[in-house]
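*Asks:* Mind having a look at this structure? Questions to follow.
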Amino acid sequence: MAAHSLGSHALPLTLARAAAWSLLLGGWLGMGSFALVLAPSRLAAFALVALWLLVLGLAAAVATRDGLRAWVRRAGLLVCAAIAVVALAWSTRGGAMTALVTAVIAWGVLTALASGVVRSLRLARPWRPGPPIGAASLGALCAGLAIGDPGDLQALALRLSTLVMLVSAGLAVLQPADAASQPPRRCRAGLFDCSLPAWPKGAWRDLRQWPALLAGLAMLPMMAALPLLAAWCRTQALAPQLMVALHLGAMFVPALVLRHSIASWSTRRLSTMCALCLGAGAAVAVWAPAPLDLTGVALAHGAAWGLAWAGQLWAPDRRAGQGASSLRAAIGYAALTIAFGVLVDRYGVRGVTGAHAALGLAAILAWGFGAMRGAWVRSHRDAGVELPARRVGPR
């Protein structure tokens with residue numbers, strides 16, 4: 001009886017998590033796909049993706065507050081979904097950039113509201129739920145099916161509109177009623193509840209953590225450039241749907257398969273695995289011929305992000321502190337997206353491979369220097385040399 005009650009409580013949260021992740025990934029790829037076609041330049045397309053991240057971060061700062069009433073969140077979900085659907089249809093019928101900017105803003109607010117529903121369900125549970133690895137994987141599958149071929153905007157608008165209407169209606173139903181007055185609780189949330197990390201203070205001062213921290217960044221350039229790569233696939237006789245499926249699968253399948261064992265991984269082991277994945281992606285990006293270069297990067301760096309994401313969910317010392325600002329995280333990721341857009345606007349696909357090669361090289365160097373420093377510290381301690389204490393962030 002107790003197990004049945006636990007399962008009945010877990011199902012709404014799992015569904016809400018999957019729905020929210022489908023909005024996050026579907027919006028990221030969907031808005032990028034529309035921007036690539038409708039924006040006047042590649043840089044402008046990346047600027048629209050950066051705008052989407054900013055809207056998401058700003059809205060999340062409001063939509064996830066404890067004081068937001070349940071009926072307000074439900075109404076916001078339905079209104080934003082309606083605006084997004086109309087704007088997407090308008091963008092393919094002459095609305096162009098005006099319609100697309102409207103869709104970007106509506107979808108960003110909608111995704112933040114979905115995160116608020118997830119948080120309200122999580123806090124309403126009498127038990128602490130586990131990491132959303134399975135639910136996020138289900139959401140990625142739904143998003144991948146909705147994206148399909150991102151080059152056909154009219155068909156894409158229809159699929160995305162269907163996703164938005166179904167998900168927003170489901171989340172409105174799943175939103176729990178207002179709870180009795182209780183002290184506000186703040187969760188560890190970077191941007192969208194740890195899908196993009198807000199790292200613990202001081203983490204970058206520890207070279208041993210750099211590979212995992214850099215792996216957390218791998219999602220940014222690949223997701224921002226994926227619509228461009230899907231269009232590039234046509235010139236290489238590859239189905240665009242295959243590139244989307246490969247990348248989303250690489251992001252979530254390893255984390256899903258290893259979700260039980262990764263909880264026991266040390267920081268050293270997690271960083272080693274992330275460095276191997278990022279280094280493999282860098283090697284493929286530099287030396288493999290097309291189309292193996294970009295497909296290899298999508299697989300290797302997608303897996304690196306998935307391992308880093310799953311690892312930080314299980315380990316409090318790898319996450320931000322409670323109440324981390326979603327807006328501050330969004331500003332950082334938007335700035336990185338613009339910088340990456342400048343690179344791609346100037347160098348095209350070579351800019352994509354160059355950025356990922358640099359990410360992998362940085363991870364390998366950091367891992368190597370971290371290992372050498374660790375060996376140096378151990379040798380001095382074995383020799384009885386007292387070393388000064390050094391604070392490298394939360395442990």
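Only the coordinates and a few stated rules stand behind these numbers; no lab work does. The structure displayed is predicted, hence computed values, not measured ones. Virtual Cβ from ideal backbone geometry, glycine too; neighbours counted across all protein chains shown.
*Asks:* Once you place label points 7 Å from the Cα toward the Cβ at THR98 and ALA169, how far apart are they in nm?
*Replies:* Spacing of the two 7 Å Cα→Cβ label points: 3.0 nm.
*Asks:* Moving on to the next point. Treating only the Cβ atoms of Lys and Arg (+1) and Asp and Glu (-1) as charged, compute the dipole magnitude of the range 9-175 about its Cα centre; round to the nearest 20 debye.
*Replies:* 540 debye
*Asks:* Going by average Cβ neighbours within 10 Å, how do the peptides 124-135, 16-27 rank, with the highest at the top?
*Replies:* 16-27, 124-135
*Asks:* Something else about it: How would you rank SER161, SER33, SER41, going from fewest to most other Cβ atoms within 10 Å of each one's own Cβ?
*Replies:* Starting with the residue having the fewest Cβ neighbours, the order is SER41, SER161, SER33.
*Asks:* Could I have the simple spin-label model distance between SER41 and ASP152, label points 7 Å from Cα toward Cβ, reported in nm to one decimal?
*Replies:* So the two model labels end up 3.2 nm from each other.
*Asks:* Determine, from the Cβ-Cβ distance of VAL79 and ARG373 and an R0 of 51 Å, the FRET efficiency 1/(1 + (r/R0)^6), rounded to the nearest 0.05.
*Replies:* So, using R0 = 51 Å, E works out to roughly 0.40.
*Asks:* Would you order PHE340, PHE34 from fewest to most other beta-carbon atoms within 10 Å of each residue's own beta-carbon?
*Replies:* Going from sparsest to densest Cβ surroundings: PHE340, PHE34.
*Asks:* Now a separate question. May I ask you to derive the FRET efficiency for TRP127 and ALA335 from their Cβ-Cβ distance with R0 = 45 Å, giving the value to the nearest 0.05?
*Replies:* 0.70
*Asks:* With just the Cα atoms defining each centre, how far is the range 15-66 from the range 200-273? Give it in Å.
*Replies:* 18 Å
*Asks:* If you don't mind, another one. Can you give the FRET efficiency to the nearest 0.05 for ARG205 and TRP287, using r as the Cβ-Cβ distance and R₀ = 41 Å?
*Replies:* In this case the efficiency is close to 0.80.
*Asks:* For the range 9-175, what class follows from the C-alpha gyration tensor (a ≥ b ≥ c being the square roots of its eigenvalues): rounded when a/c is under 1.5, otherwise prolate if a/b is larger than b/c, else oblate?
*Replies:* Prolate is the answer for the range 9-175, as a/c is 1.5 or above and a/b outweighs b/c.
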